[in-house]
Amino acid sequence: MQSGTVIKSTGKWYDVREDVSSDIFKCRIKGKFRLENFRLTNPVAVGDRVKFAAIDAEELTGTIQEIEPRKNYLIRRSPRMKMHQHLIATNIDQIMLVVTVVEPLLKPGFIDRIMLLAESQDIPLIIVFNKGDVYDDAAIERFVYHRDLYENLGYKVVMVSALDGRGMETIRELLKDKTSMLTGQSGVGKSTMINGIQPNLNLSTKEVSNYHGKGQHTTTFAEMFELDFGGRIIDTPGIKTLGFMHMEAAAVAHNFRPYFELSSNCRFRDCLHINEPGCAVKAALEIGDLTVKRYENYLGIIEEVNNINTWEMDEG
Ligand SMILES: Nc1nc2c(ncn2[C@@H]2O[C@H](COP(=O)(O)OP(=O)(O)OP(=O)(O)O)[C@@H](O)[C@H]2O)c(=O)[nH]1
Ligand SMILES: [Mg+2]
Ligand SMILES: [Zn+2]
């Protein structure tokens, strides 16, 4: 058997880069692979280290027989199949969340959800504000506000322009020798950034104006690329809504980064910050140290995971 890394998955087929030759084999999977008790839409994901048997060494086809244990994995609720989870990527060193303060509209609630995902797997998160070339004074004000907010929570924040190249040297340094996943809403410029980092990849990109109302994504499958200067980068399709069903409410409370510092002062160690007496988070909310929006977003996630968990039990 040969071993390699899954660099792309399109549903039925998995592209596996073989370790020694770097040849890319088109593989199918054999047998069942499970991840805890999750129902997955895709049992194998980009980033997986696999063992496979070549079926045809000329045609470069094979079957995946085994997945090596994962260092980490990112999953979300499948947007298509309600009760299923979707593996986004595995074995990654860091997440680069790409946002912008121009277009598409910045959604702080979405950023919170990405934080939750990253924290739950202990994966470092970097927040990249793209399209810096077109920030006017008002946009710069918005950027500074958000930069301070996220830096205060302990995240690295960088402003770049994939088009004119500003800040991209910093991005290259951050990416060097690591496996990084790019994520963010559709149209923020993930693929354009990768093209800026390594022009020979020539990924397709699309005007933001073409996205309106269509819900169209330019990038439709996650794909990993080798970087000439060392490291790997995973481009992913834009995310519209990030839903969770694999986390218990307690895990959400524990991993909701904006609450970390406050929650050590709650009376109960397992406080969910909803109705518990002596809750430091609710106290902070009352004196305005915590925005109502962020708190409501948190409650929304708690409600979401609670509903799903009851629903699962009802199903038997
Ligand atoms: N002004 C400006 N426009 C940019 C910049 N980066 C990307 N864009 C534009 O934003 C649009 C969307 O870029 P893409 O790279 O396709 O966005 P994406 O995040 O990969 O989108 P999906 O693949 O759908 O998730 C394109 O028209 C790009 O030219 C930038 O730094 N400045
Ligand atoms: Mg793209
Ligand atoms: Zn509390």
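Rule-based calculations on the coordinates, nothing more; no lab input. Keep in mind that this is a model prediction, so the values were computed, not measured. FYI the Cβ positions are ideal-geometry reconstructions off the backbone, even for glycines, and counts take in every protein chain you see.
List of remarks:
- 0 to 90° range, to nearest 10: angle between helix 108-120 axis and the chain longest Cα axis: 60
- Computed over the chain: relative contact order in percent, which uses C-alpha pairs under 8 Å that are six or more apart: 14
- Of the Cα atoms belonging to region 249-314, the radius of gyration and Dmax stand at 12.1, 40 Å.
- Alpha carbon centroid spacing (whole Å) that separates region 1-63 from region 168-196: 25
- Evaluated at q = 0.22, 0.23 Å⁻¹, a Debye calculation over the C-alpha positions of region 175-280 (equal weights, vacuum) places log10 I(q)/I(0) at -1.06, -1.12.
- Cross-link table K51/K131; K206/K282; K32/K107; K30/K71; K240/K282; K12/K82, entries beyond 32 Å C-alpha to C-alpha: K51/K131; K206/K282; K32/K107
- The stretch between E261 and E169, if pulled fully straight at 0.36 nm per residue, gains 29.8 nm over its current Cα-Cα span.
- About its Cα centre, the dipole of region 92-235 is roughly 280 debye, where the only charges are +1 on Lys and Arg Cβ and -1 on Asp and Glu Cβ.
- D177, D133, D48 arranged by Cβ crowding within 10 Å, fewest neighbours leading: D177, D133, D48
- Computed magnitude of the charge dipole of region 249-314 (debye, nearest 20; Cβ of K, R +1, Cβ of D, E -1): 280
- Proxy reagent accessibility, fewest Cβ within 10 Å first, across M81, M193: M81, M193
- Net charge over other residues, Cβ less than 12 angstrom from the Cβ of V144 (K, R count +1; D, E count -1): -2
- Model label sites at A57 and L105, defined 7 Å from Cα along the beta-carbon direction, differ in position by 5.8 nm.
- Compared with the dominant principal axis of the Cα atoms in the chain, helix 137-152 is inclined by about 90°.
- Cysteines without a disulfide-compatible partner [the chain; Cβ-Cβ under 4.7 Å]: C27, C279
- Take the Cβ atoms of K293 and T10, set R0 to 51 Å, and the FRET efficiency comes out at 0.85.
- Full extension of the chain between D23 and T220 gives 68.6 nm of extra length, using 0.36 nm per residue less the Cα-Cα distance.
- Extreme residue, positive dipole direction of region 92-235, given options H217, S120, H146 (C-beta unit charges): H217
- Estimated inter-spin distance, D270 and E303, nm [label 7 Å along Cα→Cβ]: 2.4
- Per-residue HN-Hα couplings for region 8-19 [Karplus 6.51, -1.76, 1.60; θ = phi - 60°; Hz; x = Gly/Pro]: 7, 9, 10, x, 7, 10, 10, 8, 10, 8, 6, 4
- Sites R34 and D228, calculated FRET efficiency, Cβ-Cβ separation with R0 41 Å, nearest 0.05: 0.65
- Highest GNM mean-square fluctuation among K12, K240, K282, for the chain modelled with Cα contacts below 10 Å: K12.
- Under the convention that each Lys and Arg Cβ holds +1 and each Asp and Glu Cβ holds -1, the size of the dipole of the chain around its Cα centre is about 600 debye.
- Taking every DSSP bridge with both residues inside the chain, close to 60 percent are antiparallel.
- Dividing the summed helix terms, -39500 (n - 2.57) for each DSSP H run of n ≥ 4, by the number of residues in the chain produces a 222 nm estimate of -8000 deg cm²/dmol to the nearest 500.
- Inter-site label distance for M1 and Y145 at 7 Å from Cα along Cβ, in nm: 5.4
- Three principal axis extents describe the C-alpha atoms of the chain; from largest down they are 68, 54, 36 Å.
- Whole-Å semi-axes of the ellipsoid equivalent to region 8-93 (Cα gyration tensor, √5λ, descending): 24, 14, 11
- Near V160: Cβ cut-off under 11 Å, other residues only, Lys/Arg at +1 and Asp/Glu at -1. The net charge is 0.
- Distances between placed amide hydrogens fall under 5 Å for S186 paired with I239, all partners being 5 or more residues away or on another chain.
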